[in-house]
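Have a look at the structure below before the remarks.
The values are calculated or read from the model by the stated rules, or taken from the named source; none is laboratory data. Note that this is a predicted model, so its numbers are computed, not measured. Note: ideal-geometry Cβ built from the backbone for every residue, glycine included; neighbour counts use all protein chains shown.
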Amino acid sequence: MFPGRGVSLRGLGYSRWIKGQLYWSKWPRSQKAPRTAREKDTRDLFAVASRVTLYMSAAEQAFARDLAKESKLLPRDFLMIALFNRVGTIVRRDGSKVFSVPAMQDVSGLLDALWQLKGGILIRDETWWTGLPAGQPFDVLRMSPEGLPEWASGGGGDGGGVPFMQPPLLKPTAAGATINPGFFNGLPIWPTSATVLTGLDFYATAAGAGRQVVAGVYQGSGLTMSGTTLMGQSTAQAVVTGKNHVPFTAPVNLAADQFAWLGILVISGSGNVQLMTADVTRNSYMFFSHASPALPGTAPASTAGTGATQFTWWAT
């Protein structure tokens, strides 16, 4: 016995189960020939649609059966509605609505009148709806001063974004390491996922006179900087004592799981450019004596901590 159709009994009739009850019915009379060409076209279309519903996805078939349990229609009827209906909308008992494919195609066609470029976003300005073209890879969506969405390159523009890696432990009381002019010094980094770099930060304990630096990043598959490819660089920028931020001229997209070399070139001027060095054994923290829960507004004289103890507090 086949659910919904039953088994033929020598052309006399057929049986079927409906909601747990067994029903016996005579075969309907043969359908008369169509009276008009339009009626014939309608029958042919219905026959084709009936066959198409047999090949609709399992998810659509199951969904139609669920809907049939809540109404007097058959699953086939709902599959037909999904294929043809443009007017009716099915409202389920929980309030959710089911729209047909043609209805969704009609709405999509209307939206095409506003915007048709792939990847675009519809936004509402002061007068009407318009389209925002797709951004570039790794762009982020932000609000402009006019209150409209816009794309920002490289993870947030205007100095925004998240630093690629945390600064190292530093020696706050030790002399910095000198970077000789005329050399590019690169440190290896290993992005574990596709990453966007917008610049390089460093802390200078000495800036020299008129010294300038250029930041750059190279990437390649080897374990050495030799033969790697320049991915991006900054313009020349004067060094200042203290924290320096050197932005790249354009965001740099790095592939995942490949070495890259991030560094700076010192040019022009005279005198030393010294960077605060990393420290893993000494001077990794400073402390002062104080017993009250209320910390002083100004830190008193402090002492550099030495030894193996390491603290790693960094803002993110």
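Structure values in brief
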| read-out | value |
| --- | --- |
| The listed residue being hydrophobic (A, V, I, L, M, F, W, C), surrounded by 11 or more Cβ atoms within 10 Å (Cβ to Cβ) and farther than 21 Å from Phe46 by Cα, out of Ile123, Ile81 | Ile123 |
| Residue identified as under 32 Å from the mean Cα position of the chain (by Cα) and in the same structural domain as Asp139 (by TED's automatic domain parsing) among Glu60, Glu126 | Glu126 |
| Qualifying position, being in a loop (DSSP other than H, G, I, E, B) and touching a Ser or Thr at 6+ places or on another chain (Cβ under 8 Å), among Gln116, Gln136 | Gln136 |
| Single residue of Gly210, Gly297, Gly220, Gly307 found to be among the small types (Gly, Ala, Ser), at pLDDT below 85, loosely packed, with under 14 Cβ neighbours inside 10 Å and in contact with a strand residue (DSSP E or B) (Cβ under 9 Å, 6 or more places away or on another chain) | Gly307 |
| Qualifying positions in the range 254-274 - of a type in the set (Val, Ile, Thr) and either in a loop (DSSP other than H, G, I, E, B) or more than 34 Å from the chain's Cα centre (by Cα) (or both) | Val266, Ile267, Val273 |
| Members of the range 200-221 found to be within 21 Å of Gly271 (Cα to Cα) and part of a strand (DSSP E or B), listed by number | Asp201, Phe202, Tyr203, Ala204, Thr205, Ala206, Ala209, Gln212, Val213, Val214, Ala215 |
| Breaking point among (1) at pLDDT below 80; (2) surrounded by 15 or more Cβ atoms within 10 Å (Cβ to Cβ); (3) touching a Ser or Thr at 6+ places or on another chain (Cβ under 9 Å); (4) not basic (Lys, Arg), for Thr89 | (2) |
| The range 47-67: number of residues that are of a type in the set (Phe, Trp, Tyr) and closer than 16 Å to Ser100 by Cβ | 1 |
| Residues of the range 1-60 that turn out to be within 16 Å of Arg76 (Cα to Cα), among the hydrophobic types (A, V, I, L, M, F, W, C) and modelled with pLDDT under 70, as a count | 1 |
| Which listed residue is modelled with pLDDT under 80 and either outside the structural domain of Thr229 (by TED's automatic domain parsing) or not aliphatic (A, V, I, L, M) (or both), from Pro181, Pro149, Pro163 | Pro163 |
| Members of the range 222-253 that are among the hydroxyl-bearing types (Ser, Thr, Tyr), touching a residue at least 12 places away in the same chain (Cβ under 8 Å) and in a strand (DSSP E or B) | Thr249 |
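Conditions tested, residue by residue: (1) out of contact with any helix residue (DSSP H, G or I) (no Cβ under 6 Å at 6 or more places or on another chain); (2) part of a loop (DSSP other than H, G, I, E, B); (3) not small (Gly, Ala, Ser).
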residue: Trp17; (1), (2), (3): yes, no, yes
residue: Tyr23; (1), (2), (3): yes, no, yes
residue: Ala49; (1), (2), (3): no, no, no
residue: Val52; (1), (2), (3): yes, no, yes
residue: Lys72; (1), (2), (3): yes, yes, yes
residue: Leu83; (1), (2), (3): no, no, yes
